[in-house]
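Structure first, then comments.
The values are calculated or read from the model by the stated rules, or taken from the named source; none is laboratory data. What you see is a predicted model; the values in this text were computed from it and never measured. No Cβ is skipped: glycine too gets one built from the backbone with ideal geometry, and neighbour counts run over all protein chains shown. Note: accessible area is taken over every heavy atom of the protein model, side chains too, but ligands, DNA and RNA are not part of it. Shrake-Rupley method; radii C 1.70, N 1.55, O 1.52, S 1.80 Å.
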Amino acid sequence: MRLLAFGGWGQLGTDLARACQGRHELVRPRRGEADVTDPGAVRRVVGEVRPEVVINAAAFHKVEACESDPAAAFGVNAVGAWTVARAAAERGARSVYVSTDYVFDGAGEAGYLETDSPRPINVYGVTKAAGERLVELGAPGALVVRASGLFGHAGSSGKGGNFVESMLAMASRGEAISVVDDRTFSPTSSHDLAHRLLLLLESGRGSGIYHLVNAGSCSWFELAGAIFGIAGVEADLSPRASRPEEVPRPRCSVLLDTRSEAAGLPPAPSWRDALRRYLTERKPRADRMVTSPDRQG
Ligand SMILES: NC(=O)c1ccc[n+]([C@@H]2O[C@H](COP(=O)([O-])OP(=O)(O)OC[C@H]3O[C@@H](n4cnc5c(N)ncnc54)[C@H](OP(=O)(O)O)[C@@H]3O)[C@@H](O)[C@H]2O)c1
């Protein structure tokens, strides 16, 4: 297949490129070449590349920045999503929009099915829920793939790193680390997401919403404990509650994957297994991007 990815140089895009090696051709324009907020540039690139599949992994997803600049967040996550989906549909290419667990309010404790109605509680979630809907309207038959708490070796460029690296960096500096234990989610390896998304595309079967997360769930505090446990790192780790002054985030945004098996995908590996692989493959690097533990999700 010939694929085109917007936002293809980020955390997920980097793993998508690796997953495509030897299997598919993946074209990844830089943001400067094809900003999703520029319809002319998007249409031009889609026209030049003539892809069979267009994956939109571009996002404005710093949760605090979305609250303070909703217009910019809507521009990328919603209007940009429409722009990409329309350009793909006009050329007869299949559309994939990467979305998030933050489309849900997190009030329940059972987790969310693909069929549950979005009810976001912060600006980022609203813009992604709008993006999902616009993609479905602009490109009928599109795939909407939701993920949650991504970690990959490239680190999220939009957030400035990933949680695993943040934890390890803080521990190496001997800092006291407090992490929320009242928010539960489905940690997801961008490596596993990329491979499972390609399997879904290769099957030619999927459309609509998929939850392509790793199996299982945990709180951010439990995830931090698992990182230190598996890495064999001593850390001064303690749990804390979410603070009222923080941007609201869903309490339980566990994504239940009830559709991928019917599309022929193998069962998703557990998040612990994915984390173990990540830590085994990880090479310590002085220049790794690091983000605050308060700024996750
Ligand atoms: N990271 C998570 O924890 C998480 C969780 C759930 C869902 N998701 C979703 O997963 C997807 C991929 O996330 P990620 O972690 O790979 O993010 P990422 O590392 O921040 O990558 C996003 C990419 O989008 C590009 N981009 C941003 N604005 C753009 C624009 N206006 N036009 C074109 N490209 C633009 C960025 O380019 P620059 O670096 O040049 O700005 C970057 O290459 C996103 O849709 C996100 O909403 C992420």
Q.
Using the basic label-point model (7 angstrom from Cα toward the beta carbon), what is the GLN21 to ALA176 distance in nanometres?
A. 4.4 nm
Q.
Per residue of the range 218-225, what does 6.51 cos²θ - 1.76 cosθ + 1.60 with θ = phi - 60° give for ³J(HN,Hα)? Whole Hz please, x for Gly and Pro, Karplus curve as stated.
A. 6, 8, 4, 5, 4, 5, 4, x
(Q) Looking at the chain as a GNM with Cα springs under 10 Å, which of GLU90, GLU52, GLU281 has the largest mean-square fluctuation? (A) GLU281
Q.
Please list 3J(HN,Hα) in residue order for the range 182-195, calculated via the Karplus relation 6.51 cos²θ - 1.76 cosθ + 1.60 where θ = phi - 60°; whole Hz, with x for glycine and proline.
A. 10, 10, 10, 7, 10, x, 9, 6, 5, 4, 5, 4, 4, 5
Q) Full extension from LEU137 to ARG243: what is 0.36 nm times the residue separation minus their Cα-Cα distance, to one decimal in nm? A) 34.4 nm
**Q.** ARG94 long-range amide H proximity, modeled H, under 5 Å
**A.** VAL53, VAL54
Q.
I'd like the carbon and sulfur percentage of the solvent accessible area for the range 101-226, probe radius 1.4 Å, heavy atoms only, ligands and nucleic acids excluded.
A. 53 percent
Q. How much accessible area per residue does the range 111-179 have, in Å², with a 1.4 Å probe?
A. 34 Å²
(Q) List the residues, sorted by chain then number, that are 5 or more residues from THR184 or on another chain and whose placed amide H is less than 5 Å from its amide H. (A) CYS252, SER253
Q) For ALA147, which sequence-distant residues (separation of 5 or more, or a different chain) have an amide H within less than 5 Å of its own amide H, given hydrogens modelled in the peptide plane? A) SER99, THR100, ASP101
Q: For a label point 7 Å from the Cα of ARG282 along Cα→C-beta, name the residues of the range 220-243 whose backbone N is under 13 Å from it.
A: 223-235
